[in-house]
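First the structure, in the form of structure tokens, and then the observations on it.
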Amino acid sequence: MTGNSSSLFPRNFKKSFPIAVRGEGSWIISSDGRKFLDASGQAAVVNIGHGVREIAEAMAEQASQIAFAHTTQFHSGSAERLAARLLALAPLNFKNGRVYFTSGGSEATETAIKLVRQFHLESGAPEKFRVVSRRQSYHGSTLGAMSVSGNVARRAPYQPLLAEWGHIAPCFCYHCPFGKTFPSCNVACADDLESFLSNNNAASVSAFVFEPVVGATLGAAAPPDGYVQRISEICRKRGILLIADEIMTGMGRTGKPFAVQHWNVEPDLILIGKGVASGYAPLGAVLISSRVAGVFAKGSGSFQHGFTYQAHPVSTAAGNAVLDYIEEHQLFGRVPLIANELRAGLASLPLHANVGEIRGPGLLLGIEFVKDKTAREPFPREESIAEKIRQACFDRGVLTYPTQGCVDGVRGDHLLLAPPFTVSTEEVAIISSAIHHSVAQVFSS
Ligand SMILES: Cc1ncc(COP(=O)(O)O)c(C=O)c1O
């Protein structure tokens, strides 16, 4: 629908948006009859595909039993069941932990920032309140979540409104902020947390939050072995809580239920959103380890925080139905297999002079485009390379997630691919063909 005939305040007044009327598996169908292959799961949300009838039926069943009861007065069976199932999937220190459900990722980050503050108050450390994070990261769009985010473009208009708690270097081997190479770097980027704390009033720091694999901002940049372990050790030694933001990477997208499980690390809190209800309902959550939950239970007993729609019965019913579907079709195990097919389809892409790197675990893949491959030099921002490739893929009926700024917050073009775990071999072939042709088209014009 074009800008002038819409009553919605859009993401972009200069664009027109098709109306999505139906979803079938990996496909979205618009009101004008076009079919789009959803190679990005929208924004790494749609883990089990569109239009799965069982999920709609489970939501309708819950809504017809009871749609809402306020959490100051009632718990719901669907929220209780999903909480127990999520804790069972998490690292061992979440056994006997608790889950705080929200309506999305930003609310989960916001909840975590307040929860770690109150944890330290309850533990007799009232001086602790700052949540340290990394440059070149994204944790959500509300003001607390934006304060910990290090995404330059998304922060820029709101700079005067944001708390300044401190950001350390990103972990990004393709454009190492220290100009080093793994393994001789000895993961200097992890030690940047130690140096930062030594020089910036460590006593006031409550937590460190990080994306185990940086999604939108860096295009699926995974850390080398040793990084997450070292970060975790520093946090333990300094009495700082570790928050893993798995809003994009959680619920199986990287090939394990949670990405931290690739490195056997036990964070204190895990944030999830996006794929937990696969887009069928707004849902996010903070998974709280038993140690942290225990401090609240033995202390004041009450967290000074709350949302009217937290732990919504219909959203958590959607979450349960999505997890049932994942278990029934063994989709966590399918991710590495179908991801290998996608990788194989894209294997010759880095031979192109302007494709710098394909990176990322499981079904979270980033493709970075460079002007000069030897120097890893990005294109000028004005050339809008990522957007041009997205448009060329869109014209071929394939949806991708483009972003700029991975190099320095301004320059650096990449495309994110995050198709549903159910994507077929034939669909993977369509995605890789669209990308090969779009790259050839954009760089030959
Ligand atoms: C890592 C990460 N954290 C937080 C968020 C914010 O989640 P939401 O958009 O559901 O508020 C996102 C969304 O893109 C994300 O990728």
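Yes or no, residue by residue, for (1) among the β-branched types (V, I, T); (2) in contact with a Pro (Cβ under 7 Å, 6 or more places away or on another chain):
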position	(1), (2)
F196	no, no
Y227	no, no
E266	no, yes
V276	yes, no
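L323 meets each of the listed conditions (1) open to solvent by 10 Å² or more (accessible area, probe 1.4 Å); (2) away from the ligand (no atom under 16 Å from the Cβ); (3) not aromatic (F, W, Y) apart from (1). Residues in region 109-133 that are within 13 Å of the ligand (Cβ to nearest atom) and open to solvent by less than 10 Å² (accessible area, probe 1.4 Å): T109, T111, A112, S133.
Put simply, of R230, R236 the only residue that is open to solvent by 10 Å² or more (accessible area, probe 1.4 Å), more than 14 Å from the ligand (Cβ to nearest atom), within 21 Å of Q118 (Cβ to Cβ) and in a helix (DSSP H, G or I) is R236. For P177, are the conditions met, namely being more than 21 Å from the chain's Cα centre (by Cα) and outside any loop (DSSP other than H, G, I, E, B)? Answer is no for this residue.
Is there a residue being within 16 Å of the ligand (Cβ to nearest atom) and touching a Leu at 6+ places or on another chain (Cβ under 8 Å) anywhere in region 185-205? Among the residues of region 185-205, not one is within 16 Å of the ligand (Cβ to nearest atom) and touching a Leu at 6+ places or on another chain (Cβ under 8 Å), which makes the answer no. When region 387-398 is filtered for residues that are aliphatic (A, V, I, L, M) and out of contact with any Ser or Thr (no Cβ under 6 Å at 6 or more places or on another chain), only V398 remains.
Elements of the type helices (runs of 4 or more DSSP H) sitting completely within region 327-445 and holding at least 3 residues that are among the basic types (K, R) and under 19 Å from V46 (Cβ atoms): there are none.
Applying the condition of being under 18 Å from G405 (Cα atoms) and open to solvent by 60 Å² or more (accessible area, probe 1.4 Å) to region 139-155 and asking which residue is nearest to the ligand (Cβ to nearest atom) yields S141. The set of residues from region 162-174 being part of a loop (DSSP other than H, G, I, E, B) and either open to solvent by less than 40 Å² (accessible area, probe 1.4 Å) or within 20 Å of G405 (Cα to Cα) (or both) comprises L162, A163, G166, A169, P170, C171, F172. Taking the listed residues A39, A20, A56, the one that is out of contact with any Lys or Arg (no Cβ under 7 Å at 6 or more places or on another chain) and either within 19 Å of N320 (Cα to Cα) or open to solvent by 90 Å² or more (accessible area, probe 1.4 Å) (or both) is A56, with no other qualifying.
Any residue at all in region 2-11 that's of a type outside the set (V, I, T), surrounded by 14 or more Cβ atoms within 10 Å (Cβ to Cβ) and assigned to a helix (DSSP H, G or I)? Checked against the condition, which is being of a type outside the set (V, I, T), surrounded by 14 or more Cβ atoms within 10 Å (Cβ to Cβ) and assigned to a helix (DSSP H, G or I), region 2-11 yields no hits at all. For region 267-276, the tally of residues that are under 18 Å from P223 (Cα atoms) and out of contact with any Phe, Trp or Tyr (no Cβ under 8 Å at 6 or more places or on another chain) stands at 1.
The values are calculated or read from the model by the stated rules, or taken from the named source; none is laboratory data. Bear in mind the structure is a predicted one, so any value in this text is a computation, not a measurement. Cβ: placed from backbone, ideal geometry, glycine included. Neighbour counts: every protein chain shown. Protein only, heavy atoms only, side chains kept; ligands, DNA and RNA dropped before computing areas. Shrake-Rupley method; radii C 1.70, N 1.55, O 1.52, S 1.80 Å.
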